[in-house]
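Asker: Mind having a look at this structure? Questions to follow.
The values are calculated or read from the model by the stated rules, or taken from the named source; none is laboratory data. These numbers were taken from a predicted model, which means no experiment stands behind them. Note: accessible area is taken over every heavy atom of the protein model, side chains too, but ligands, DNA and RNA are not part of it. Shrake-Rupley method; radii C 1.70, N 1.55, O 1.52, S 1.80 Å.
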Amino acid sequence: MGGAPAPSPAHPLALTSMLLGIGAGAFGFLGLFLGILIPLAFLAAVGAVVTGHIARSQIKRTGREGGGMALTGIIIGYAVAALCILLFLLAIGLGVFLGMTGRL
């Protein structure tokens, strides 16, 4: 009996990228309330971007599934990394401002 061929499994790095991106988003959101989680969110975001780019490169070469998952991890990773950098610069700027005005 002939049937449709089974789809190839998704690339493991694509899944890793998506999960790291989702984790980075969750840590970033919680980090707005608990500032200690911002560095963890940044590290997860960088991991999502790196594994996402590697996965997309290998997917293009081999034709495996998972391009959407890798792209999701890349997009969320860049967004969370940018947010973390912005919050870090804002914290430094606020500290400098408060230090110059003598309120710190």
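Asker: Let me know the volume per residue of the alpha-carbon convex hull for segment 7-92, in Å³.
Answerer: Here the figure is 66 Å³ per residue.
Asker: When the helices in the chain are scored as -39500 (n - 2.57) per DSSP H run of 4 or longer and the sum is shared across all residues, what 222 nm value do you end up with, to the nearest 500 deg cm²/dmol? Write down the numbers at each step before the final one.
Answerer: Details: 3 runs with 79 residues, N = 104.
Mean residue ellipticity at 222 nm (helix-derived): -27000 deg cm²/dmol.
Asker: Taking amide H atoms as placed 1.01 Å from N in the peptide plane, list the residues 5 or more away in sequence, or in a different chain, whose amide H sits under 5 Å from that of R64.
Answerer: The list, which skips near neighbours in sequence, is empty: none.
Asker: Follow-up question, since we're still on this one. Rounded to the nearest percent, how much of the accessible area of the chain (1.4 Å probe, protein heavy atoms only) is carbon and sulfur? Intermediate values should be presented prior to the final figure.
Answerer: Working: 5190 of 6730 Å².
Reported share for carbon and sulfur atoms: 77 percent.
Asker: Please list the helices of the chain that count as membrane-span-like by this rule: a mean Kyte-Doolittle hydropathy of at least 1.6 together with Cα atoms stretching 24 Å or more along the helix axis, each helix being a complete DSSP H run.
Answerer: Helices meeting the span and hydropathy rule in the chain are 67-100.
Asker: Now for a different question. Compute the accessible area per residue over the chain, keeping the other protein chains in place, probe 1.4 Å, unit Å².
Answerer: 65
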